[in-house]
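Asks: Shown below is the structure under consideration.
The values are calculated or read from the model by the stated rules, or taken from the named source; none is laboratory data. What you see is a predicted model; the values in this text were computed from it and never measured. Cβ atoms come from the backbone with ideal geometry, glycine included; neighbour counts cover every protein chain shown. What goes into the accessible areas is simple: the full protein's heavy atoms, side chains included, and nothing from ligands, DNA or RNA. Shrake-Rupley method; radii C 1.70, N 1.55, O 1.52, S 1.80 Å.
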Amino acid sequence: MQLQVKTILNAIQHFPGFVYQEVRLRCRRGHPRCIEIRLEPHQGVRAKCSECRQPAPGYDRLPERSWLFVPLWGIVTRFFYAPRRVECPTHGIVVEHIPWSQGKRPVSVAMMCFLSQWARRLSWRETARAFGTSWECVYRSVEWFVSWGLAHRKLEQVHAIGVDEIHWGKSHRADHFLTVIYQIDSHCRRLLWVGKRRTQATLRRGLTTLGAEVVQGLRFVCSDMWRPYLNVIAAQAGQALQVLDRFHITMHLNQALDQVRRAESGRLRAAASVQAARLKDMRWKLLRRGSRVRGKARAQLGTLLRSKLATARAWMLKETFQHFWHYRSLTWAGYFLDYWTERALRSRLEPMKRVARMLRTHQELLLNWFRAKGEISSGVVEGLNNKIRVVTRRSYGFRTYEAMEIALYHTLGRLPEPKLTHRFC
Ligand SMILES: [Zn+2]
């Protein structure tokens, strides 16, 4: 038997009630430009109403439309079909149900899924280039794919969530912050919601989207010390244990240390001190966890720490705080916190004192980390936070907030996907 394109099409995408009529190759100056696939209604099968999917009597036929299909051998491939209109007893005169089509979109469902799946492995721009289409087309396809996934996802067994703020773009306007909610249960880690800004209203909007059932079923809520979030969480998910996680506290300590280093470095350079050289290129060596600094960097760090510099004292404070997370007893962890904040407050390092005051204000929430021990791993919060940053940075090319929001759900939402009879990639 000779293999025809129609045979392949019937094998991978057979639409009951429709037949592949003809397949044509269009050439320009001897080069293949486009494969045109014409479909026709199956004789004797009545068209279905697009609203209720019930067979209905025919009314008339609309002009031919085209849909972009998955490219064959790298050649742009299109479906051509003239949709029928039906007279549905309930819905009146409407266009028929077309299984490969979604509303007025000029791209077939199979192609939208195909592009979306590639858009997870490549950037949107690369996806468009690889399959001979536009960035806009990839964007619209992923948009549809994500909205399908969001409409079909199940929000069951959500017990632990993390709430985070992410900065994106270049300016520091309020619009350039995002609030993200992710699920951090050990059985499922995913992005649940993302919204613009980081106000109480933003988080309230997010929790409303998740629904009262999810919010009332929460047992742990992890977040940073951002007041608007703490307020909303306390008011709406009062039954859940509110936890300040290790990742965020470490971030605050690192920021404080970096402020001390920058200020001191500036002072020393202004005074043309020989000590200035000690602080040069030390940023990452200082911010890393001490046990992870090795080799030559270790020796440089050692020299810096033996000096009487403020940066050295700030580093010691940052590093000592790591002990806090290893306590088993809540009481001893509490004692350690008192001891550490006491030392930080007497350190004469303003950024460190600020962190100490913040930790004292939120002592109870901080100690909740021990009450939730074993249930929440700080690695998860950090991991999701990092992944989100990867997407938001790549999204500089996206320019619009909407596109980035879609990209976030697409890569981190673990959304269900529409089922096709054939996997195209
Ligand atoms: Zn109907």
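Asks: List every residue pair whose Cβ atoms lie under 8 Å apart, where the two residues are 6 or more positions apart in sequence or sit on different chains, the first residue falls within the stretch 322-337 and is modelled with pLDDT of 90 or more and among the small types (Gly, Ala, Ser), and the second residue, located anywhere, is surrounded by 16 or more Cβ atoms within 10 Å (Cβ to Cβ) and assigned to a helix (DSSP H, G or I).
Replies: Short answer, once both residue conditions are applied: Ala333/Phe324; Ala333/Leu367; Ala333/Phe370; Gly334/Leu367.
Asks: Restricting the search to the stretch 1-23, which residues are closer than 18 Å to Gly74 by Cα and surrounded by 12 or more Cβ atoms within 10 Å (Cβ to Cβ)?
Replies: Val5, Lys6, Ile8, Leu9, Ile12, Val23, listed by residue number.
Asks: Within the stretch 85-93, is there a residue that is under 30 Å from Gly132 (Cβ atoms) and among the polar types (S, T, N, Q)?
Replies: The answer is no, given that none of the residues of the stretch 85-93 is under 30 Å from Gly132 (Cβ atoms) and among the polar types (S, T, N, Q).
Asks: Continuing with the same structure: Need at least 1 residues that are open to solvent by 60 Å² or more (accessible area, probe 1.4 Å) and within 14 Å of the ligand (Cβ to nearest atom) per element, so show me which strands (runs of 3 or more DSSP E) inside the stretch 36-103 make the cut, counting only ones lying wholly within it.
Replies: Per the criteria, 58-61, 84-88, 92-95.
The rows are residues; the columns are (1) touching a Gly at 6+ places or on another chain (Cβ under 9 Å); (2) surrounded by 16 or more Cβ atoms within 10 Å (Cβ to Cβ); (3) on the phi > 0 side of the Ramachandran plot; (4) small (Gly, Ala, Ser).
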site: Val142; (1), (2), (3), (4): no, yes, no, no
site: Lys170; (1), (2), (3), (4): no, no, no, no
site: Asp175; (1), (2), (3), (4): yes, no, no, no
site: Leu178; (1), (2), (3), (4): yes, yes, no, no
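Asks: In the stretch 180-206, which residues are assigned to a helix (DSSP H, G or I) and either of a type in the set (Phe, Trp, Tyr) or open to solvent by less than 10 Å² (accessible area, probe 1.4 Å) (or both)?
Replies: The answer is Thr202, Leu203, Gly206.
Asks: Select from the stretch 151-167 the residues that are open to solvent by 20 Å² or more (accessible area, probe 1.4 Å), farther than 19 Å from Gln216 by Cα and at pLDDT below 95 and list them in ascending order.
Replies: Glu165, His167
Asks: Being in contact with a Gly (Cβ under 6 Å, 6 or more places away or on another chain) and under 24 Å from Trp226 (Cα atoms) narrows it down to one of Glu319, Glu342, so name that one.
Replies: Glu319
Asks: Next question, about the same structure. Could you check Glu136 against (1) within 16 Å of the ligand (Cβ to nearest atom); (2) open to solvent by 40 Å² or more (accessible area, probe 1.4 Å) and say which number it fails?
Replies: For Glu136, the exception is condition (1).
Asks: Here is a list of conditions, (1) exposed (fewer than 13 other Cβ atoms within 10 Å of the Cβ); (2) part of a helix (DSSP H, G or I), and Arg348 meets all of them except one; can you say which number that is?
Replies: Checking Arg348 against (1) exposed (fewer than 13 other Cβ atoms within 10 Å of the Cβ); (2) part of a helix (DSSP H, G or I), the one that fails is (2).
Asks: Within the set of pairs 6 or more residues apart or between chains, which connect a residue that is more than 10 Å from Lys48 (Cα to Cα) inside the stretch 87-101 to a residue that is more than 10 Å from the ligand (Cβ to nearest atom) and open to solvent by 50 Å² or more (accessible area, probe 1.4 Å) with Cβ atoms less than 7 Å apart?
Replies: Pairs that qualify, where the first residue is more than 10 Å from Lys48 (Cα to Cα) and the partner is more than 10 Å from the ligand (Cβ to nearest atom) and open to solvent by 50 Å² or more (accessible area, probe 1.4 Å), are Ile93/Tyr59; Ile93/Arg85.
Asks: Do we have Thr311 as open to solvent by less than 80 Å² (accessible area, probe 1.4 Å), among the β-branched types (Val, Ile, Thr), modelled with pLDDT under 90 and closer than 22 Å to Asp258 by Cβ here?
Replies: No: the conditions fail for Thr311.
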